[in-house]
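Data block below; observations after.
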């Protein structure tokens with residue numbers, strides 16, 4: 001009987017460990033983390049089938065190698081360790097900016113690489129926050145370089161389809177422009193919203209806290225995300241983020257002008273369009 005392929009996952013934080021949980025029974029799972037304690041816990045809790053002690057061993061172990069690491073580490077490891085992969089193995093990643101990763105992969109001769117990006121996550125991070133179900137109902141972008149082999153693309157699509165996600169092919173330029181608006185700028189907006197309300201003298205905080213309820217909680221949730229991670233993401237996708245910020249500012253300016261001029265018919269009409277579009281998206285996502 002043919003053995004199931006080995007998926008080697010480097011990075012056992014929220015996304016990597018949750019991904020391994022979904023692979024159970026479908027693939028053999030190898031895991032590696034820079035944190036030895038996470039490697040130990042992942043093995044003890046059955047999150048992986050075996051662990052490797054070094055990145056070199058992790059790259060060499062997989063029929064599919066998945067990099068669930070910060071963007072700068074992904075590019076560094078591709079350049080340093082992709083040569084360790086066995087013949088025929090395919091590399092993918094889950095980074096939220098694809099252009100810089102694709103460029104790093106192009107610098108390794110003969111590397112079989114197909115980028116991917118699951119639109120999933122929470123404001124938490126780390127192994128202890130991982131859970132089965134994180135990827136439920138998730139959309140995953142498959143981002144192949146122009147010279148990628150169709151067989152390799154289908155292999156990575158199958159990997160994500162096997163855990164119940166939906167896949168969409170897209171190129172790296174379009175991807176980075178899109179997620180700047182759908183993900184990167186909303187995180188900046190959440191932080192700005194939080195600062196605009198809570199960045200006050202200490203003696204004023206209690207009354208501000210009292211005035212913040214579920215609307216503030218929901219609109220500011222992702223402001224609790226990792227500042228280091230978001231610095232890295234925005235730094236690697238700066239042109240697209242600046243363009244998305246300009247589009248957001250255009251809508252904020254329109255709202256401000258309507259309010260200033262007393263054009264509340266226009267305000268209601270614009271607000272209604274936003275509601276309609278969001279409700280349409282919720283139906284499409286089946287939330």
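All of the numbers you see were taken from the coordinates with simple rules; none came from a lab. As the structure is a prediction and not an experimental result, all values here were calculated from the model. Using ideal geometry, Cβ is built from the backbone for each residue, glycine included, and neighbour counts are taken over all protein chains shown.
Under a GNM of the chain (C-alpha, springs under 10 Å), which listed residue has the highest mean-square fluctuation: 186, 201, 239? Top of the fluctuation ranking is 201.
For the pair region 57-95 / region 228-258, the C-alpha centres are spaced 31 Å from each other.
Based on DSSP H runs of at least 4 residues, each adding -39500 (n - 2.57), what is the mean residue ellipticity at 222 nm of the chain after dividing by all its residues, to the nearest 500 deg cm²/dmol?
Numbers: 13 runs with 148 residues, N = 287.
Roughly -16000 deg cm²/dmol at 222 nm, from the helical runs in the chain.
The overall shape of region 175-285 is oblate: from the C-alpha gyration tensor, with semi-axes ordered a ≥ b ≥ c, the ratio a/c is 1.5 or greater and a/b is no larger than b/c. Axis angle, to the nearest 10 degrees, between helix 264-285 and the longest C-alpha principal axis of the chain: 20 degrees.
Would the chain count as rounded, prolate or oblate if I go by the C-alpha gyration tensor, calling it rounded below 1.5 in a/c and otherwise prolate when a/b exceeds b/c, oblate otherwise? Note, shape of the chain comes out prolate. In terms of its alpha-carbon gyration tensor, region 93-150 comes out prolate; a/c meets the 1.5 threshold, and the first ratio a/b outweighs b/c. Counting neighbouring beta carbons within 10 Å and listing from fewest to most, the residues 281, 160 come out as 281, 160.
Considering only 99, 274, 25, the mean-square fluctuation computed in a Gaussian network model of the chain, springs between alpha carbons under 10 angstrom, is largest for 274.
Relative to the dominant Cα principal axis of the chain, helix 227-236 is inclined by about 80°.
For region 262-283 versus region 21-52, the inter-centroid distance based on Cα atoms is 46 Å. Using C-alpha pairs under 8 Å with a sequence gap of at least 6, the mean separation divided by the residue count of region 175-285 gives a relative contact order of 34 percent. Centroid-to-centroid, using Cα positions, region 119-194 and region 210-225 are 24 Å apart. Using alpha carbons only, how many degrees (0 to 90, rounded to 10) separate the axis of helix 238-261 from the longest principal axis of the chain? With both axes taken from Cα atoms, the answer is about 20 degrees.
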